[in-house]
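Below is one structure, written out as structure tokens; the observations come after it.
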Amino acid sequence: MADEKIIFSMTGVNKIYPPQKQVLKNIYLSFFYGAKIGVLGLNGSGKSSLLRIIAGIDKEFQGEVVSDLGYSVGYLEQEPQLDKTKTVKEIVEEGVKDVVALLKEFEAINEKFADPEVLEDPDKMDKLITRQGEVQEKLDAVNAWELDHKLERAMDALRCPPPDAKVEHLSGGEKEE
């Protein structure tokens with residue numbers, strides 16, 4: 001019978017953006033536990049406003065919203081909050097940060113092979129060679145050697161701005177792509 005429990009409802013909800021733009025008018029909704037919902041509508045029809053109210057982010061509305069406190073709502077922002085100091089490629093690389101970290105570690109290991117302290121100490125050299133092998137196995141398993149090519153293809157398919165473009169100089173539409 002848990003499936004018949006209403007965990008969220010809104011009654012007579014209105015949302016008006018100053019000075020007089022009403023995007024939601026007299027909305028009534030109820031969700032049962034386990035419900036899957038979709039919100040469809042034209043641009044500017046209030047979909048994002050409705051979802052922000054459901055998520056509890058927007059509290060500036062008229063009407064009543066009741067939510068079962070035993071449940072939470074997650075909300076993924078439509079407009080990404082990007083680090084303006086980074087380039088497009090650096091932002092895209094965040095999606096594969098574990099692989100990027102492994103590549104950086106592999107590079108650091110290889111640089112240590114030139115360190116006289118390592119060259120003169122067989123134990124340090126053995127440990128470094130062992131770690132290099134472990135990292136290389138992980139990199140091989142995820143085909144990390146092709147990462148740059150994969151990222152370039154993905155950015156091209158997504159029609160991203162140039163990889164070296166700074167985020168702070170992108171338009172709103174370019175940030176959403």
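Just so it is clear, none of the values below were taken in a lab; they were calculated from the coordinates. Quick caveat, the model's predicted, so the values are computed rather than measured. Neighbour counts run over all protein chains shown; Cβ positions are idealised from the backbone, glycine included.
Here are the numbers for this structure:
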item	result
Crossing angle, helix 97-112 versus the chain [Cα axis fit, 0-90 degrees, rounded to tens]	20 degrees
Label-point gap, in nm, between GLN20 and HIS169 - each point 7 angstrom along Cα→Cβ	4.4 nm
Dipole magnitude of the chain, debye to nearest 20 (Cβ charges: Lys/Arg +1, Asp/Glu -1, about Cα centre)	1420 debye
Burial ordering of ARG159, ARG52, ARG131, fewest other beta-carbon atoms within 10 Å first	ARG159, ARG131, ARG52
Within the range 93-116, backbone nitrogen closer than 19 Å to the virtual label 7 Å beyond the Cα of ASP140 toward Cβ	99-100, 102-110
Sorted by Cβ neighbour density within 10 Å, fewest at the top, the residues LYS127, LYS86, LYS59, LYS15	LYS59, LYS127, LYS86, LYS15
Footprinting exposure proxy for LEU158, LEU170 (fewest neighbouring C-beta atoms within 10 Å first)	LEU158, LEU170
Karplus-derived HN-Hα couplings along the range 55-69 (A = 6.51, B = -1.76, C = 1.60, θ = phi - 60°), whole Hz, x at Gly and Pro	6, x, 7, 9, 10, 9, 8, 9, x, 10, 10, 10, 10, 5, 5
Residue pairs, from the table LYS104/LYS166; LYS59/LYS84; LYS104/LYS138; LYS21/LYS47; LYS25/LYS47; LYS5/LYS36, whose Cα atoms sit over 20 Å apart	LYS104/LYS166; LYS59/LYS84
Cut-off 18 Å, label 7 Å out along Cα→Cβ of ASN110, residues of the range 142-158 by amide N	142-150
For ALA101, net neighbour charge (Lys/Arg +1, Asp/Glu -1) across residues whose Cβ lies under 12 Å away	-2
LEU119 versus VAL39: modelled label distance in nm, points set 7 Å from Cα along the beta carbon direction	6.3 nm
Reciprocal of mean inverse Cα separation for the range 44-92 (Kirkwood radius, Å)	13.5 Å
